[in-house]
1. For a test of the definition: using alpha carbon positions, the gyration tensor, and the 1.5 limit on a/c, classify the stretch 185-328 as rounded, prolate or oblate.
2. Relative contact order for the stretch 224-280 using alpha-carbon pairs under 8 Å, separation at least 6, rounded to a whole percent?
3. Roughly how many Å² is the accessible area per residue of the chain, as a whole number, for a 1.4 Å probe?
4. Per the 1.4 Å probe, what fraction of the accessible area of the stretch 82-130, in percent, lies on carbon and sulfur atoms?
5. If you place +1 on the Cβ of every Lys and Arg and -1 on the Cβ of every Asp and Glu, how big does the dipole about the Cα centre of the chain come out, in debye to the nearest 20?
6. Per-residue accessible area for Arg40 at 1.4 Å probe radius, Å² rounded to 10?
7. Could you work out how far the C-alpha centroid of the stretch 88-130 sits from that of the stretch 198-273, in angstrom?
8. Can you sort Trp125, Trp241 by 1.4 Å-probe accessible area, starting with the largest?
Amino acid sequence: MDFKGRDFSKVLDYTPEELRYLIGLAITFKEKKKNKEPHRYLQNKNIAIIFEKDSTRTRCSFEVAAHDLGMGVTYLGPSGSQMGKKETIKDTARVLARIYDGIEYRGFSQSIIDELAENSSVPIWNGLTDEFHPTQVLADFMTIYENFGRIKGINFTYFGDARNNMGNSLMIMCAKMGVNFTCCAPKQLWPNEELINIAKAIAEEEDCTITFTENVEEGATNKDVIYTDVWVSMGEDDSVWEERIKLLSPYKVTSEIMNMANENAIFMHCLPSFHNTDTKIGKEISEKFGINDMEVTDEVFESKQSKVFDEAENRMHTIKAVMYATLK
Ligand code: CP
Ligand code: NVA
């Protein structure tokens, strides 16, 4: 398998074997980290991480993973660089590729990642776009492996806004990994037809299923993994909240849903999550719409079945694996 110099733009670009290899590599790095075994394999390299949207996990994971591998890091936030204002994406890519060995980008359209990749001689890593979040799903599937000791054949349901970056990426990742994927959401929030057809074609090869339902009971029954994400993603207009709450309230992950799932089922969420009113936005939404949680109840979020902080930790190990494989 040859990863050197490749971009990590979306899961679709990688074969199931390559994705399994990256998860295995992340598990090795996790052990090294726990055993305090130094792994500064990429000394004298430097990376730039560009964030046009906010981040806690992704930014910290790239920074710590880079430091652990011996690399230097430059953070470019939503303001303070010339990108997108005085300088085009194309020129930015050509400049940064002269200075850095790899570039992470979090922002808006997937086409920006494509443009960066076309104009950069060094790897471009996708830290989330409107369409895809590939480093997140790598961490999610590492977490599934840690819990069940296997990935293939797992029954997985995604509840909520399934046409966002997480719905899209999870559907494709499930297909590639031989995981039976169910999307449980109102029809208008299912992924676009073109992507569904791609997922179904992959699923046929990998011997798994891609299913869509609006029925919560069908979505939850016999499932090993119950996954959800925020109802309104970064970059969406505030005006969508009301309709989204109305559409998705029946799909909130509650203990009733977890009880319908298999006995050893786990709850997953990429985070951040609205599971109480202790945040600024959580409070605003609560005051405006009279609700105290959104995509998941606090009870499920805080339960033993919830693996959300394992996923968060695994972001760092999987991002490290991606950087190491593409730069070594
Ligand atoms: N899950 C995730 O990408 O989190 P951040 O937005 O904090 O990076
Ligand atoms: N769908 C979410 C994922 C955050 C990690 C968003 O784009 O805001």
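The values are calculated or read from the model by the stated rules, or taken from the named source; none is laboratory data. Everything numeric in this text was worked out from a predicted model, so none of it was measured. Quick reminder, even Gly has a Cβ in these numbers, built from the backbone with ideal geometry, and neighbours come from all protein chains shown. Remember, those area values only see protein heavy atoms, side chains included, never the ligands or the DNA or RNA. Shrake-Rupley method; radii C 1.70, N 1.55, O 1.52, S 1.80 Å.
1. Values: a/c = 1.40, a/b = 1.23, b/c = 1.14.
Rounded.
2. Values: 40 pairs, mean separation 33.2, N = 57.
In percent, rounded to a whole number, it is 58.
3. Dividing the accessible area of the chain by its residue count gives 43 Å².
4. Answer for the stretch 82-130: carbon and sulfur cover 48 percent of the accessible area.
5. The calculation lands at about 1380 debye.
6. Surface accessible to solvent at Arg40 totals approximately 120 Å².
7. 31 Å
8. Working: Trp125 0, Trp241 25 Å².
Accessible-area ranking of Trp125, Trp241, largest first: Trp241, Trp125.
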